[in-house]
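Beneath this line is the structure, given in structure tokens, with notes to follow.
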Amino acid sequence: MKKTLLSIFVLMAGCGFVSCDDDEPSGIKTGGGNKIEIDPEDEVDEAYDFKIPTYQDDYSAIAGWANKDKWNLANVHDPSVAYYDGYYYMYGTDASYGNEHDKATRGKHFQGKRSKDLVNWEWVPGPLNDAPSWVVTKLNEIRETMKLEPIEKQDISFGYWAPVVRRITVDGQTKLRMYYSIVIDNYIKSGKRNTPENYDGSWTERAFIGVCESTDPANGNWKDLGFVTCSSSDKGMDYSRASQSNWDGYFFYNAIDPTYIVTPEGDHYLIHGSWHSGFALLKIDPSSGKPDHELGLPYADSTSDLMARYGQRIGTRNSSSRWQGSEAPEIIYKDGYYYLFMAYDGLDVPYNTRVVRATSIEGPYYDITGRNFTNGRGDCYPIVSHPYKFSKGYGWVGISHMCAFQNRSGEWFYMSQGRLPVNVGGNAYSNAIMMGHVRRIVWCPASPDELDNLWPIALPERYAHCTEEKKITSEELVGTWEHINLKYDYAKQDVSTTLTLKADGTMEGALSGKWSYDAEKKYLTLGNVVVCVERELDWEASPRKVTIVYAGTEKSLNATYWGKKVD
């Protein structure tokens, strides 16, 4: 299933979900890069009491709106996180198992959660109760220039997708700033809603990105600032679609899935896009939160004219395709590089995460092998996350559309949704169960010969705030592991196999050859792949328990190693 300006709302016997955006958190001040900046009065103590989480991953029994205070990380889709006023605030796409989120009476759209420890979360209202009036006004202003009839609000099919939230300080005030997507799912030509019987030979209407701000997110008090950008075309006013099987999309840029960054120099940028032709980079005025120039009409007769106004294209999975499986950009800055994460493929099962990087915000962006993502030179690696299954439990699919952020101690985190596979517990709609996954990121060497060439990989087990009581030693690593080779296998879970690390420094099972360990750097070398080891929770064990995990890659592997010690 893909996110497009066609309807991606899927109904499954009353259990529906909508797909969309991502986000990444980081508290950012002007010139602060993409990091949480600590106010002098803030305490940086993250030493919360460690308690093993007991909530169940299959939350269908408490999915009703009346139980929202018990949800914790249930019903999370396309999350974005920012730290503000003592809490990590997370917001996401309008989506829930059974569409229970529709029962909210306040803050209905882009509902969120907040947490002090990244483990225990409580519901908070979103910024919108209805589509802002500017959306309909702007839509019909554009339609008028195209000599099309207006669409009345009551006839519009709205989608509320993938916000990104950041803590910023501009003009002397610290606040949360959110960019959000609202999709209009009506046909361009007739203005009718996107249904098979209404198909009129045209593409569906555009998406809009708006911006809002808050100094009181706990109570859902946000000020909407209005229009930022919208889907834009390099095909002028030729919005015709030869058939519903034709994917040569009208829009060059799809205005969904925004991500936002302040560079070390203090420049503000919005990046957005999905499927269609790739990701757009748009410079933002820090004070207004709007583009720093007039965009003009959202259509042009050439790509160069369009990009001059609606943003430079900084990446594309396939430069010759208008229908590519890449979306949900997320960007962070670390140690001289801009790391651009993205989601690959359909969201129901195959969703997986990749990352590329550049020394300039404008690119070019390269993957670990040197492929040029800005020019669309093939699939990119490393794999940051992928559908997987350890020997116990059902495993997870649809693990992407992530955000990356730092906690106040400086550790990097990855957050996304994870979906259960179909038919878990006999539930044919279990793939609509979306649990929020928070994972630590480890920075892994590209090869044993390039220990300073570091790339971000998510750990295989979710974060539970385990305390590091002692250093991990070589002796602790000896024993039985479950090893997963995360590789690109479309719509399939990568399944674990047994790996034994022997006391004599050799391996058998999933891998063979020799292993070694650097306890100071926590680098475990498995043959020619260096992985990073950490203590995390074994979520599949019964009862759950603390164990050791690893994650890492190698620049010619085109895959990622995940592992967990089980004996």
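Nothing in this text is a laboratory measurement; each read-out follows from the coordinates by a stated rule. Computed from a predicted structure; not experimentally measured. As a convention, Cβ positions derive from the backbone with ideal geometry for all residues, glycine included, and neighbour counts pool all protein chains shown.
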Under the 7 Å Cα-to-Cβ spin-label approximation, ILE52 and ASP200 lie apart by a distance in nanometres of 6.0 nm
In segment 453-493, which trypsin sites (Lys or Arg not before Pro) fall in coil by DSSP and have 10 or fewer other Cβ atoms within 10 Å? LYS470, LYS471
When the helix-only estimate is applied to the chain (DSSP H runs of n ≥ 4, each -39,500 (n - 2.57), divided by the residue count), what is the mean residue ellipticity at 222 nm, nearest 500 deg cm²/dmol? -1000 deg cm²/dmol
How high is the relative contact order of segment 440-567, given as a whole-number percent (alpha carbon pairs under 8 Å, six or more residues apart)? 29 percent
Averaging sequence separations of C-alpha pairs under 8 Å and six or more residues apart, then dividing by the length of segment 181-325, give the relative contact order as a whole percent. 20 percent
Top positive-direction residue, dipole computed over segment 284-406 with Cβ charges, set GLN312, SER287, HIS386: HIS386
Highest mean first, what order results for 423-431, 360-368, 378-386 on Cβ atoms within 10 Å? 378-386, 360-368, 423-431
Amide H of ASP234 versus every other amide H placed in the peptide plane: which residues, excluding those fewer than 5 positions away on the same chain, fall under 5 Å? PHE252, ALA300
Taking 22 Å as R0, compute the FRET efficiency from the Cβ-Cβ separation of ALA61 and THR105 and round it to 0.05. 0.40
Quick one: Karplus J couplings for segment 478-485, per residue in order, coefficients 6.51, -1.76, 1.60, θ = phi - 60°, nearest Hz, x for Gly and Pro? 5, x, 9, 10, 9, 10, 10, 9
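Between ASP567 and SER319, take the C-beta separation as r, use R0 = 35 Å, and let me know the FRET efficiency to the nearest 0.05.
Computed FRET efficiency for ASP567 and SER319 comes out at 0.15.
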Straight-distance crosslink candidates among lysines, where the alpha carbon sits under 19 Å from LYS68 and sequence neighbours closer than 8 are dropped: LYS103, LYS108, LYS113, LYS116
Short version: ³J(HN,Hα) in whole Hz for each residue of segment 299-311, in order, from phi by Karplus 6.51 cos²θ - 1.76 cosθ + 1.60 (θ = phi - 60°), x for Gly and Pro, what are they? 8, 8, 8, 8, 5, 5, 5, 5, 5, 5, 9, 9, x
Quickly rank 327-334, 210-217 as a protection proxy: mean count of other C-beta atoms within 10 Å, highest first. 327-334, 210-217
Can you give the net charge of the other residues whose Cβ lies under 14 Å from the Cβ of LEU281, counting K and R as +1 and D and E as -1? -2
Please determine, in degrees from 0 to 90 and to the nearest 10, the orientation of helix 133-145 with respect to the longest principal axis defined by the Cα atoms of the chain, where the helix direction is its Cα long axis. 60 degrees
Protection-proxy order for peptides 115-124, 254-263, each taking the mean of Cβ atoms within 10 Å per residue, highest first: 254-263, 115-124
What's the extension gain from GLU475 to ASP518 if we count 0.36 nm per residue and subtract their Cα-Cα distance? 14.3 nm
Under the definition of Cα pairs under 8 Å and six or more residues apart, what whole-number percent is the relative contact order of the chain? 13 percent
Between ASN427 and SER243, the two model label points (7 Å from Cα along the beta-carbon direction) sit apart by a distance in nm of 3.9 nm
At what distance in nm do the modelled label points of ASP285 and THR498 sit from each other, each positioned 7 Å from its Cα along Cα→Cβ? 6.6 nm
The answer for chymotrypsin sites (Phe, Trp or Tyr not before Pro) in segment 283-332 that fall in a DSSP coil and have at most 13 neighbouring Cβ atoms within 10 Å is none
Starting from the Cα of SER133, step 7 Å toward the Cβ, then list every residue of segment 144-178 with an amide N under 16 Å from that point. 152-154
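Out of the trypsin sites (Lys or Arg not before Pro) in segment 374-437, which ones are loop residues according to DSSP with at most 10 other C-beta atoms within 10 Å?
none
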